[in-house]
Amino acid sequence: MSTQPDTRASALIIHAHPETDSFSTSQAHAAAESLRAQGYAVKFIDLYAKKWEPVLGRDEFEPFEGPFKPQREQWNAVKDGTLPADVRADLDAVFHADLLVLSFPLWWFSLPAILKGWLDRVFVMGGVSGGDLGAFEQAALTGRRAVVLATTGGSAAAFAPDGAFGDINDFLFHINRGMFEFVGYAALEPIITYGPAHLDDALRAEALHRVRDAFSNLHHRPLAASTRYRALAATS
Ligand SMILES: Cc1cc2nc3c(=O)[nH]c(=O)nc-3n(C[C@H](O)[C@H](O)[C@H](O)COP(=O)(O)O)c2cc1C
């Protein structure tokens, strides 16, 4: 048995789709395969499969008197080492990974609730940002990368800057800026398959090929559009 530390780059994929047979799940596995093929150690967490509890509530903390202030309790739990076991395990996985991938279908122009709840509970105050840490470049995950891997119902044209739905970058801004960059990650340009329900088998195979390709070329991938705010922050 090897006692050498694992020095490979590592990736954490957090996947949120209720159907194992969906296109979204296939593209998440395609991403994992592509990363493994380049030598990444990949941890794949399927939130529905592990029945993730998404609701951040008072009961997950040690008993305390007075009003419930979620961020204060998170910070106390970080300092006291009393985070719930499911949160602690996934937070450790976050810190172990150089690359975080959030994989999901776009629901209401946003994240499925189970994934939002993963962020509410795992990106803890005092653990990834805030508390003794700062935000953005002062936060704990600075120096790592994160990327959205999504599917949509609408077409690419509908999500273009002049499209009927609006610019996809506007809908993903709260993730890229408010979640990834806020806790220190460099947010990469999202990887999206538009309208897989309207694709036949050959076009789906092509779309999966594009996803694999994107993950094997991450080092060339530009930063997300939200990066313009990083530049502003640096000059203000
Ligand atoms: C609750 C819910 C909300 C949705 N909201 C949107 C939306 O805001 N924009 C959109 O383009 N598609 C929306 N869709 C469609 C899904 O994004 C689409 O079916 C999915 O990404 C296709 O991938 P899949 O076949 O792997 O599920 C929604 C679907 C559901 C179930």
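Since every read-out is calculated from the coordinates, none of them should be taken as a lab result. The structure displayed is predicted, hence computed values, not measured ones. Using ideal geometry, Cβ is built from the backbone for each residue, glycine included, and neighbour counts are taken over all protein chains shown.
The 3J(HN,Hα) values that the Karplus relation (6.51, -1.76, 1.60; θ = phi - 60°) gives for the range 45-55 are, in residue order, 10, 9, 5, 5, 4, 9, 6, 4, 7, x, 8 Hz. Gly and Pro appear as x.
Report the number of Lys pairs in the chain whose alpha-carbons are under 23 Å apart, with separation of 8 or more residues or on distinct chains.
Numbers: LYS43/LYS51; LYS43/LYS116; LYS50/LYS116; LYS51/LYS116; LYS69/LYS79; LYS69/LYS116.
Lysine pairs meeting both conditions in the chain amount to 6.
If we count every other residue with Cβ under 9 angstrom of TYR40's Cβ, Lys/Arg +1 and Asp/Glu -1, where does the sum land?
On the way: positive: ARG8, ARG36; negative: ASP98.
Neighbour charge sum, excluding TYR40 itself: +1.
Here the chain is assigned +1 on the Cβ of each Lys and Arg and -1 on the Cβ of each Asp and Glu. Its dipole about the Cα centre then comes out at about 420 debye.
Positive-end ranking of PRO112, GLN74, ASN217 along the dipole of the chain, with charges on Cβ about the Cα centre, is headed by ASN217. In this structure the amide hydrogen of ALA186, modeled in the peptide plane, comes within under 5 Å of the amide hydrogens of GLY143, ARG144, ARG145, ALA146, none closer than 5 places in sequence on its chain. Counted by neighbouring Cβ atoms within 10 Å, the residues LEU111, LEU172 run from fewest to most as LEU111, LEU172.
Listed values for the range 35-43 are Karplus-derived 3J(HN,Hα) couplings in whole Hz (6.51 cos²θ - 1.76 cosθ + 1.60, θ = phi - 60°), namely 5, 4, 4, 8, x, 5, 7, 10, 9, and x replaces Gly and Pro.
Rounded to the nearest whole Hz, the Karplus-based 3J(HN,Hα) values (6.51 cos²θ - 1.76 cosθ + 1.60, θ = phi - 60°) of the range 140-155 follow the sequence 6, 9, 4, x, 10, 10, 9, 8, 7, 10, 9, 10, 10, x, x, 7, with x at glycine and proline.
Taking each residue as 0.36 nm, the span from ASP213 to ALA89 lengthens on full extension beyond its C-alpha to C-alpha distance by 41.6 nm. Compared with the dominant principal axis of the Cα atoms in the chain, helix 70-80 is inclined by about 70°.
Distances between placed amide hydrogens fall under 5 Å for LEU223 paired with GLU189, all partners being 5 or more residues away or on another chain. Under a 5 Å amide H cut-off, with hydrogens placed 1.01 Å from N, VAL42 pairs with ALA11 among residues at least 5 apart or on other chains. Over every Cα atom in the chain, the radius of gyration and the widest Cα-Cα span, Dmax, amount to 18.3, 60 Å.
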